[in-house]
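The values are calculated or read from the model by the stated rules, or taken from the named source; none is laboratory data. Quick caveat, the model's predicted, so the values are computed rather than measured. Virtual Cβ from ideal backbone geometry, glycine too; neighbours counted across all protein chains shown.
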Amino acid sequence: MLFLDTFTDIGIYRFFLILKYALNIIFVIVPIIVIILAIKDLYVLVINPNDPKKTIHDIASRVVSGLIIFLLPTVISYALSLVESYDEDTILKYYNNASIDKINSLEEQYKKEQEAEKALKLAELKEATIKRNQAEEKRREQIEEMREEETPSGGSSYSGDSVSGGSFGTVTVSNGVFTIPNERARSDADAPKQSGEYGLNPIFWERLSKLMSDAKAKGYNITVTSGWRSYSSQVNLWNNDTHSCSERPRWVACPGGSRHNFGIAADLSFNGTGCGGSWDCNAAAKWAHANAGNYGLTFRLSWEAWHIEPTQVNGGSFGACNVPC
């Protein structure tokens, strides 16, 4: 037995319905044409009986041909009725059952199948969202538990910035809050290298270096793999990225809007690995994620376990990317 999907069934039934209409027309028209030709031959015989035997033979042939064509559908239907299994197990079922009602019924069935498939996909998406939220909640709980275990009884290991606030390029820092422009940098001059290590903002670097030195004291090797980036470097990263235009901003910030450009973001390595999207890939990463808040730092991007920034950053309402993908 043939097992086809509803959409394919609809197409096959439409084809055989058209074929059935065409055959019905042929079975009606051809005998009529044969009869007309026979009448013509009879007329010729009456008017001009030069070769009556040949004319009678032609007439008889036409009549027999017309009868055969006229009776052919009846003969075929009778033959198929003798072999009932054909109707169920072969393509002939499509010819026998082809009708407007059958096609309408299948189209209604197909519509219901599409609606059911859509509902199933929505349910799967909802379930995946719930699982993702549960995993994120579990991650936050684990980080909080680790933070409580690691934080000294006297309070946080981070006691504030020794570097005073002020203006650092296009970034200002006041009361521990970093403020970046609401307009993207458009050249290297708009996003200058700063005085901290790796070209980072000095206050951000002070926090980050404290985290790294405390991690080292505990036996964890945390290093910076990428700090400040010039505008032109960000343009190169953007142009050379292979992600689709819809996915690219998730992995590479639009040039002039990356917090790396403003010197307040860094990418880290934990015992020699960036960990991808797994914040708990090793003990160093777990410790860093659990304790970043104690240093005024945060891992803001859940899908980039290596990306760290100051906890409080204002500004950066850039709008749509102004660089072509």
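Structure above, values below:
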{"read-out": "Failed item in (1) modelled with pLDDT under 90; (2) loosely packed, with under 15 Cβ neighbours inside 10 Å; (3) more than 22 Å from GLU136 (Cβ to Cβ), with GLY316 passing the rest", "value": "(2)"}
{"read-out": "Hits in segment 289-303 - residues which are touching a residue at least 40 places away in the same chain (Cβ under 8 Å) and either surrounded by fewer than 20 Cβ atoms within 10 Å (Cβ to Cβ) or part of a loop (DSSP other than H, G, I, E, B) (or both)", "value": "GLY293, GLY296, SER302, TRP303"}
{"read-out": "Check on CYS254, farther than 18 Å from GLY227 by Cβ, part of a loop (DSSP other than H, G, I, E, B) and outside the structural domain of ILE203 (by TED's automatic domain parsing)", "value": "no"}
{"read-out": "Test result for HIS243, within 16 Å of ARG207 (Cα to Cα) and in the same structural domain as ASN182 (by TED's automatic domain parsing)", "value": "no"}
{"read-out": "Residue match in segment 213-229 (condition: under 29 Å from the mean Cα position of the chain (by Cα), surrounded by 14 or more Cβ atoms within 10 Å (Cβ to Cβ), of a type in the set (Gly, Ala, Ser) and closer than 25 Å to HIS289 by Cα)", "value": "no"}
{"read-out": "Subset of segment 257-288 [part of a loop (DSSP other than H, G, I, E, B), small (Gly, Ala, Ser) and in contact with a strand residue (DSSP E or B) (Cβ under 6 Å, 6 or more places away or on another chain)]", "value": "ALA265"}
{"read-out": "Single condition ARG250 does not satisfy, out of (1) among the basic types (Lys, Arg); (2) surrounded by 15 or more Cβ atoms within 10 Å (Cβ to Cβ); (3) at pLDDT below 90", "value": "(2)"}
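Conditions (1) assigned to a helix (DSSP H, G or I); (2) under 30 Å from ARG14 (Cα atoms); (3) at pLDDT below 75, marked per residue:
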{"site": "TYR95", "(1), (2), (3)": "yes, yes, yes"}
{"site": "ASN104", "(1), (2), (3)": "yes, yes, no"}
{"site": "GLU107", "(1), (2), (3)": "yes, yes, no"}
{"site": "TYR110", "(1), (2), (3)": "yes, yes, no"}
{"site": "ALA119", "(1), (2), (3)": "yes, yes, no"}
{"site": "ALA128", "(1), (2), (3)": "yes, no, no"}
{"site": "GLU136", "(1), (2), (3)": "yes, no, yes"}
